[in-house]
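Each remark here refers to the structure printed beneath this line.
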Amino acid sequence: MIENNFKNFLSRVILVALIFAAIAFIYSLFLPKFWQVTGKVVVVPSGSSPTAGANLFVEAANTAEMITSPSFQKNILRENAKFFSGAEQFKNSSTVEINFIGKESDLETIENEIVRLPENISSYARDIYSGSPFKYLILSDPEISQKPVRPNVLENAIWGFGIGFVLYLLYWLFAESFVLGRRIKEEPDYFPVSPAISPIPMEPEEPAPAEPISYEPIPEPEPMPEPMPEIFPEEIELARIASQKEAGGEKKPVSQISPAPDNLPITETPTASEYQEPSDDEVKDRLNRLMRGEL
């Protein structure tokens, strides 16, 4: 697990660093180009000083410091001081190497300044030594570099790679330490347990006593209405005959069925031979009419 995480981190950081290196490389191609122009001035003893030859090596170092001084650049080089890059003793000899850097359009101006350097150094040293114990001669023609010294494309690409590596490392540290730590604080339920330490057993909590359940009384059902007694056609006919006889003055026992109304038409009682038993439909029709009060 740790090895896989390290491989993922290494692959990501290298990818980001290469992207920054490519950006720096492409950006360097569009920067203005500068060439270096080098001039060499040798220090020789003057005939008027017999002890000057013993101090040539020391004088070469002093001449390099004199050219580098702000006073020499301000009073001697003047407007060409912006092209000055440095001066140093060449390989512990009596020769001083002087470098200038400029664009392609400034190379001729720099070469002319290097050619005038021996005379300008002698004039400046005369005021310092109160005389001329040394002479300064140009050793060779100014040398121009074969390719631009600025911008250094390879150096800029390396810088871009390093900057990308550092930036991603800082981002990774911020994301892992700050963001992840804040996320753990926001989640209090997350408690990482070490595999070497067994978790402490927790005592089971006692269940809370159950609340008594209250039951509402169930309402008693309403009593069903009693069904009406079924009336058979024979009872209807008997009720009708009884009502007719009561109307004629003959008293008979009253039936349980309610008597018919007094306004029913009285018909002559047919004889046994003339009497015909009514049909079911007629009985139902008469009963309906009786209940509606039409009879």
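A short reminder: the numbers here are calculations on the coordinates, not readings from a lab. Given the structure is predicted, the values throughout are model-derived calculations rather than measurements. In this analysis, Cβ positions are derived from the backbone assuming ideal geometry, glycine residues included, and neighbour counts consider all displayed protein chains.
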> Can you name the residue in region 91-109 that is in contact with a helix residue (DSSP H, G or I) (Cβ under 8 Å, 6 or more places away or on another chain) and hydrophobic (A, V, I, L, M, F, W, C) and is also surrounded by the fewest Cβ atoms within 10 Å (Cβ to Cβ) among such residues?
Replying inline: 101
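Looking at 140, 71, 122, can you tell me which residue is touching a strand residue (DSSP E or B) at 6+ places or on another chain (Cβ under 9 Å) and not in a loop (DSSP other than H, G, I, E, B)? Write out each step before concluding.
Values: 140 fails: not in a loop (DSSP other than H, G, I, E, B); 71 fails: touching a strand residue (DSSP E or B) at 6+ places or on another chain (Cβ under 9 Å).
Matching residue, one of 140, 71, 122: 122.
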> Does residue 157 qualify as being within 30 Å of residue 69 (Cβ to Cβ) and surrounded by 13 or more Cβ atoms within 10 Å (Cβ to Cβ)?
Replying inline: no
>> Condition first: in contact with a helix residue (DSSP H, G or I) (Cβ under 7 Å, 6 or more places away or on another chain), touching a residue at least 60 places away in the same chain (Cβ under 8 Å) and either hydroxyl-bearing (Ser, Thr, Tyr) or buried (at least 17 other Cβ atoms within 10 Å of the Cβ) (or both). Can you find one or more residues in region 58-68 that meet it?
In response: yes
>> Return the residues of region 74-115 that are part of a helix (DSSP H, G or I), touching a residue at least 12 places away in the same chain (Cβ under 8 Å) and among the acidic types (Asp, Glu); say none if nothing qualifies.
In response: 104, 106, 111, 113
> Does at least one position in region 15-32 carry a residue that is more than 30 Å from residue 144 (Cβ to Cβ) and outside any helix (DSSP H, G or I)?
Replying inline: no
